Amino acid sequence: MVQGTDAAIGSAYDARAAEYVEVAGALEQMDPRDAGVIAAWRDATPGRLLDAGCGPGHWTEFLGRGGREAQGIDLSAEFIAVAQHRHPGMTFELGSFRELPLEAGAVGGILAWYSLIHTPPAELPEILAEFGRVLAPGGSILVGFFDGEPREPFSHAVAPAYFWSADALAELLADAGFTVASTDTRGREQGEISARPHGSLVAAR
C-alpha cells in the first residue's frame, strides 16, 4: 500500500477511528466559529449538500438541519459505520473524491472541511475537477484547511498532510472553473483540538 493513496488514508483513519470519534466526533467538540462559518454557507447554498470527508457524520447532520437534504462520503469504513449508526435517516457512502457516486450537477454545495489536507498537492486538481462535475451551475464549495506555506508537508496524527494558503488554493480553483467568493484565516486558541492556524474559503462555479 503506497502512502498517500486513498486506500492508505482510509486505512489510517480506520485504525484510529475510535480515538478520533472520542476527541473530535461530535458537534459539541467543534469550535463555535467553525459552526458559524458552515451554517452561513449552508443557509446561502441551495440544493442538496455533500459532506466530502464526513468522518463520523456530525457535520453532515448539521448540514441537514432545517429540512435540508445532505449526505456524506468518506474513505474510512469505520467512520461510515459510526455515521450510519448515529444518523440512520441520512445517506453515508464509502468512496473516493476522485470518482464521486453522483450524477453531473447533482448537488448545490460541497463541504470539504479539512478533508483535502491529505491529498498530495499534485493530485488536488483531479479532485477539484470532480467536485466541479457534480456541482449544479452556480454551486459552491466550502473548504477548511490548515493555513501555512502552500504544499508544505507536516506530520499529522493520522496520515501525512499538507499546508495550504487561500491564494494557492484560489489558483487551483480558478483552473477548475471556480471563483473564490470569500476567505477567512485565524490562529488557534487554547483548548481547540488543533493548534495549527485555520483557513477556510468559499468558491463558486
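Express in nm, to one decimal, how much length is gained between residue 104 and residue 77 on full extension, taking 0.36 nm for each residue of separation and deducting their alpha carbon distance.
Here the segment from residue 104 to residue 77 would lengthen by 7.2 nm.
Placing one identical point scatterer on every Cα of the chain and ignoring solvent, what is log10 I(q)/I(0) from the Debye formula at q = 0.07 Å⁻¹?
So the normalised log intensities are -0.18.
Towards the positive end of the charge dipole of segment 1-111, with charges on Cβ (+1 Lys, Arg; -1 Asp, Glu), say which of 83, 109, 21 has the farthest Cα.
109
In whole Hz and in residue order, list the ³J(HN,Hα) couplings for segment 134-145 that follow from phi through the Karplus curve 6.51 cos²θ - 1.76 cosθ + 1.60, θ = phi - 60°; x for Gly and Pro.
8, 7, 6, x, x, x, 9, 10, 10, 10, x, 8
Select from 138, 53, 89 the residue whose mean-square fluctuation is largest in a Gaussian network model of the chain (Cα-Cα springs shorter than 10 Å).
Of 138, 53, 89, the most mobile in the Gaussian network model is 89.
How much of the DSSP bridge set in the chain is antiparallel, in percent, rounded to the nearest 5?
Close to 45 percent.
Evaluate the charge dipole of segment 1-158 about its Cα centre and quote only its size in Debye, nearest 20, assuming +1 on the Cβ of each Lys and Arg and -1 on the Cβ of each Asp and Glu.
Roughly 380 debye for segment 1-158.
What distance in nm lies between label points placed 7 Å from Cα along the C-beta direction at residue 85 and residue 149?
4.2
Which of the GluC sites (Glu not before Pro) found in segment 36-138 are in a DSSP loop and have at most 14 neighbouring Cβ atoms, other than their own, within 10 Å?
For GluC sites (Glu not before Pro) across segment 36-138 that sit outside H, G, I, E and B with at most 14 neighbouring Cβ atoms in 10 Å, the list reads 69, 103.
Go ahead and estimate [θ] at 222 nm for the chain from helices alone: -39,500 (n - 2.57) per DSSP H run with n ≥ 4, summed, over the residue count, rounded to 500.
About -9500 deg cm²/dmol.
Rule-based calculations on the coordinates, nothing more; no lab input. Just so it is clear, the model here is predicted, and its values are computed rather than measured. Glycine also receives a Cβ, built like all others from the backbone with ideal geometry; neighbour counts cover every protein chain displayed.
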